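The structure appears below as structure tokens.
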Amino acid sequence: MSEIQINTTQNVNIDFTLAAIGERVVAHVIDLIIKIAYGYVIIMSFLGLFQYSDWFYYADHWSQYAIYAMLLFPALIYSLVLESLWEGQTVGKKITKIKVVKIDGYQATFVDYLIRWFFRIVDLNLLSGFIAIISIIMSDKAQRLGDVTAGTAVISQKNKVRISHTIMEELGDNYVPQYPSVINLSDNDMRIIKETFLIAKKGKDFDTLNKLRAKVEQVMETKSDKATIPFIEIIIKDYNFYTQNM
């Protein structure tokens, strides 16, 4: 499989395996089946509910179209909503174990998912997805047009090493966490923090350490009077504590 090397703003390189076209197609088909099933059930239920009502059948075509559009609207925004809530995954992507990530290493935002969703009109709806397939094949990062515009890529998680394996810290039985808001950090955030911290600490790169600390405090929405190195060490231990006890 192809790989993508993501260079974070802290100049840490992380290698990810790009999702294969087959995986993306299967995920899309699963999501499409879910949306079609939803549309069929909701429309049939609606028609059954109002089969003895004259107002719908005698309404003008535009009114009927508007009602159908409102009923099918959840299916229209299905991908946008689920990717936003599930950090780059839909039901299909969860089943095939792929997800959307930013190519700068950070978690994609709602705006990024919105851009990807908007470009589905071109990528997936025109020519039955042919444009998306060609774009993915031609792109060195396997990106469809929506990914290129949003600065995202789709990666495979099948061979993913869990964060708990890479940042395991020895915690005493009486360890008491100090920063509950550490749970605001994602797995990807913690990987970046750990790798950046070790590299910067070893090289005595205090400028990078201070930038890393500022970013951590911003995401966690907290401030600490501790020195930078002890602060980040506690953050890593607190993350271990909460993830091991969840």
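Please treat every number below as a calculation from the coordinates, not as lab data. Just so it is clear, the model here is predicted, and its values are computed rather than measured. Every residue, glycine as well, gets a Cβ built from its backbone with ideal geometry; the counts of neighbours run over all protein chains shown.
Tabulated values for the structure
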read-out	value
Region 3-156: mean projected area of Cα convex hull, nm²	10.1 nm²
Two-site label geometry, Lys211 and Ser181: point separation in nm, points 7 Å out along Cα→Cβ	2.3 nm
Packing-based ranking, highest mean first, of 198-210, 16-28, 89-101 given that Cβ atoms within 10 Å are counted	89-101, 16-28, 198-210
Under 27 Å from the Cα of Lys211 - lysines, other chains or at least 8 residues apart	Lys102, Lys194, Lys201, Lys202, Lys223, Lys226, Lys237
